[in-house]
Amino acid sequence: MKKLVSLLLTAALAVSLLAGCGSSSESADTAKTEETTETGSASVYRTLDEIKESGKITIGVFSDKNPFGYVDENGEYQGYDVYFADRLAKDLGVEVEYVSTEPASRVEYLKTGKVDVILANFTVTDERAESVDFCLPYMKVALGVVSPDSALITAPEDLNGKTLIVAKGTTAEAYFSENYPDVNLLKFDQYADAYNALLDGRGDALSTDNTEVLAWALQNEGYSVGIESLGNQDTIAPAVAKGNQTLLDWINDEIVSLADEQFFHADYKETLEPVYGTEVDIDSLVVEGGKIE
Amino acid sequence: MQDLGIRVLFMGNNFMRLLGGLWVTIQLSLISILLSVIFGILLGIVMTLKNPVTKCITRIYLEFIRIMPQLVLLFLVYFGATKAFGINLSGETSAVIVFTLWGTAEMGDLVRGALISIPKHQYESGAALGMENAQIYRYIIIPQTLRRLIPLSINLATRMIKTTSLIVMIGVVEVLKVGQQIIEANRYTVPDSALWIYVTIFFLYFLVCWPFSVLAGKLEKKWKN
């Protein structure tokens, strides 16, 4: 009983401490969000009108995932996701504030309304769709297979009886062990080890996300991506807080209308082509107007 | 040789950005350390009281902070406070709260340990010399306690400075994150920049933590007699 009472006291102390710090050190800007969040859990997010009114949209991006979202030497956010985010803010007529997010905290940022949109190479999954609302996709990823030019692998059947290098716990590992049981898998914990193994000739090919192998092949003379798109195609899409219909609709309309000017092709040319090279089939990565053939 | 990774440091504002990140680290950790020392001393005194209620509360508080990884505490305060109470704290505020809560708990326990390590005869000898309670504390107990606290609290302070690298998880960009941003931004052009950036960050952390060690050494020497 005594313990229970003291536990309650501790909790009360912690709460008052939190409340005290919150009211004293918050800027006027976040105080507005505070009001909206206090009205109930249904409205943690800001609607389209509220964002327009405040004149600023906060967008969660990666700050260390070149070429999707990174910070250049002048401290400016750059990359494929950021290029799109800049356009969203421009067409919305508001300023943009970027928030640096980590893979593990992306969902929480939306759930608590700390950002309006997440544009951080966010792969659409059923599990995530339960916590956030995904807009139309603007990119797709699948598996790619890289191999030496001297013995280029161009179809997954070529790998039967041969050794394929994969990283543990990746979709590549799952896909090949399920669909191509005759392929010998050589598994590594780290990507760096896996790539070194391919360079040492310990395997005939290596498979992981196509964006990764494409970038790697460009850096390593004598290796090419023989299979650019394989397996289940995952899509990458902007995400907003669950139930934020006005913002969701607006972004979806925006993505559809941007297809007229082939916006994401331009985005690709600006941000991804310097990394992936000109050999790559753009349509195997970029999605226009949210339509996947 | 002109391909050395160190050149990324001098591209654009990179070095100033690292220093800017370091400033964030210094600010947040100094505020937290200062608050932790103040609250920690008070907590330590409360912990030595023989009152069962305060004993129980402080014990639960200490154990709770000790068991929880700092990362969990950061998430609890940054995201949890918004979810549970609708309080929207900035990343910086959350970081100061968490590090102060943590520092206070550990500092409190250090103060408690230092206080009870003063043998009872020290108090009694003071009383036998005709000193009042305040005088006993002023001339006998507090000087000895402080001397015992110095190395312990310096350890805690430097540990707090280094643990601030976790706050990147709640969106605060500090020195380590700036370093990673620079490494990643140059991933394709300067692949070996990582080593150089990390060595630089090592020196920056050293520059922040070293003055604490020097100060501690000086104080220990001064208070020896």
Which ³J(HN,Hα) values, rounded to whole Hz and listed in residue order, are derived for the range A:123-138 from phi using the Karplus coefficients 6.51, -1.76 and 1.60 in 6.51 cos²θ - 1.76 cosθ + 1.60 with θ = phi - 60°, glycine and proline given as x? 6, 6, 10, 4, 4, 5, 5, 6, 9, 9, 9, 8, 7, 5, x, 10
Which three numbers, in whole Å and largest first, are the semi-axes of the equivalent ellipsoid of the range A:142-233 derived from its Cα gyration tensor as √(5λ)? 17, 14, 13
Extension gain, A:S54 back to A:N160 (0.36 nm per residue minus Cα-Cα distance, nm): 32.3 nm
Residues whose placed amide H lies under 5 Å from that of A:C135, excluding near-sequence neighbours: A:A239, A:V240
Per the 1.4 Å probe, what fraction of the accessible area of the range B:5-222, in percent, lies on carbon and sulfur atoms? 71 percent
Before I look further, what does chain B give for accessible area per residue, probe 1.4 Å, in whole square angstrom? 52 Å²
In the structure shown, of A:K56/A:K111; A:K140/A:K242; A:K56/B:K83; A:K65/B:K162; A:K56/B:K162; B:K162/B:K222, the pairs separated by more than 26 angstrom at the C-alpha atoms are A:K56/B:K162; B:K162/B:K222
Whole-Hz ³J(HN,Hα) from phi, Karplus 6.51 cos²θ - 1.76 cosθ + 1.60, for the range A:167-181, glycine and proline x: 9, 5, x, 8, 5, 4, 4, 5, 5, 6, 5, 7, 9, 10, x
Just want to confirm a number: the relative contact order over the range B:5-222, from Cα pairs under 8 angstrom separated by 6+ residues, in percent. 33 percent
Label B:S125 and B:L195 with points 7 Å out from Cα along Cα→Cβ: what is the distance between them in nm? 5.7 nm
Which ³J(HN,Hα) values in Hz, rounded to whole numbers, follow from the phi angles of the range B:104-110 under the Karplus curve 6.51 cos²θ - 1.76 cosθ + 1.60, where θ = phi - 60° and Gly and Pro get x? 4, 4, 6, 4, x, 5, 5
Just report the Cα centroid separation between the range B:4-24 and the range A:214-278, whole Å. 30 Å
Which whole number gives the average count of other chain Cβ atoms within 10 Å of the Cβ atoms across peptide B:10-17? 3
Just to confirm my numbers, what's the Cα centroid distance between the range A:48-90 and the range B:136-153 in Å? 53 Å
Rounded to 0.05, the calculated FRET efficiency for the beta carbons of B:L49 and B:V72 at R₀ = 30 Å is 0.50
How big is D for chain B, in µm² s⁻¹ as a whole number, if Stokes-Einstein is applied with the Kirkwood radius of its Cα pairs at 37 °C and 0.692 mPa s? 164 µm²/s
Write down Rg/Rh for the range B:127-225, rounded to two decimals, with Rg from the C-alpha atoms and Rh from the Kirkwood relation over Cα pairs. 1.28
Find the sum over both chains of the accessible area lost when A and B are paired, probe 1.4 Å, and report it in Å² to the nearest 100. 3500 Å²
Could you give the alpha-carbon Rg of the protein assembly as shown over 2.2 N^0.38 Å, rounded to two decimals? 1.18
Which residues of the range A:103-148 bury at least 10 Å² of accessible area once all protein chains are present, versus their chain alone (1.4 Å probe)? A:A104, A:S105, A:E108, A:Y109, A:K111, A:T112, A:K114
Test assert for the range A:43-88: residues whose accessible surface shrinks by at least 30 Å² between chain alone and all chains, 1.4 Å probe, equal A:S63, A:D64, A:N66, A:V71, A:E73, A:N74
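The values are calculated or read from the model by the stated rules, or taken from the named source; none is laboratory data. These figures come from a predicted structure and were not determined experimentally. Cβ sites come from the backbone with ideal geometry, for glycine too, and all protein chains shown count toward neighbours. Note: accessible area is taken over every heavy atom of the protein model, side chains too, but ligands, DNA and RNA are not part of it. Shrake-Rupley method; radii C 1.70, N 1.55, O 1.52, S 1.80 Å.
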